[in-house]
1. Among residues belonging to region 18-33 that are without any contact (Cβ under 8 Å) to a residue 12 or more places away in the chain and of a type outside the set (A, V, I, L, M, F, W, C), point out the one that is surrounded by the most Cβ atoms within 10 Å (Cβ to Cβ).
2. Which one of GLU120, GLU36, GLU62, GLU83 is exposed (fewer than 13 other Cβ atoms within 10 Å of the Cβ) and at pLDDT below 95?
3. Among ASP121, ASP159, which is of a type in the set (D, E, K, R) and farther than 21 Å from ALA33 by Cα?
4. Residues in region 104-114: is at least one of a type in the set (Gly, Ala, Ser) and surrounded by 18 or more Cβ atoms within 10 Å (Cβ to Cβ)?
5. For region 20-114, which fully contained helices (runs of 4 or more DSSP H) count at least 2 residues that are touching a Phe, Trp or Tyr at 6+ places or on another chain (Cβ under 9 Å), closer than 24 Å to LYS155 by Cα and assigned by TED's automatic domain parsing to the domain that holds THR195?
Amino acid sequence: MLHTQPIDIVRTQSLTSLVQREVERLILTGELAPGERINEQHLAARLRVSRGPVREALRGLEKARLVEARVNRGVYVREISVEQALEISEMRGLITGYVCARLAAASTAEQRAHLAQLIEDMDAAITANDAQAYYEQNLAFHDALMDYAGNARAKEMYDALVKESHLTRRKSLFSARAMAESNAEHRMILDAIRTGDAAAARAAGEAHIVGGKRRFLDAIGVAETAI
């Protein structure tokens, strides 16, 4: 009888983690689209691994709510309904407001300078009409807020929510007007952090996510009163 040695377990887990990160990247970049069926065999061949690590990786992504297993049909990239997207937005708003308030109470000059630079980079993307660059810098700005706030649990929850909403959020930042509105809200957040006004920073953070929700609904042509 064969027994799995500890080193074999480590190798399998490491490979599964690598596969999971790559499949997650394919989903978040849109290479694997919402609603698309994931072919384990083709994916294993593409990544040059056996189907075992792919299967384990998909189980992990199902727990992360990025894919869903359908009985007798296989595994599919998860599709998020408008209602689900709005629920996720509400939770993101609460966490964003919280971390902005924390930063208003305690942030360094270096942290504020980095946030300001990201805002300038987003301005440059708007001028260049580069929605992809803006989107990436927008993610970096929010990641920085979460990192600098210093609450690991809040960041963990926020990261999970962002991954779920990634594709729907991208749709709301295609137009120059939407990008300009979004970055103006970033400035309001940073201004409140600079003045040390925790209540204003919380309000600005929550208002920014509310604005994002409105831009998302505008982008898909749905009135909020219809939800």
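The values are calculated or read from the model by the stated rules, or taken from the named source; none is laboratory data. This is a predicted model, so every value here is computed, not measured. All Cβ positions, even for glycine, are placed from backbone atoms using ideal geometry, and neighbour counts span all protein chains on display.
1. Per the stated criteria, the residue is ARG21.
2. Going through GLU120, GLU36, GLU62, GLU83 in turn, just one is exposed (fewer than 13 other Cβ atoms within 10 Å of the Cβ) and at pLDDT below 95: GLU83.
3. Result: ASP121 is the single residue among ASP121, ASP159 that is of a type in the set (D, E, K, R) and farther than 21 Å from ALA33 by Cα.
4. Yes.
5. 82-105
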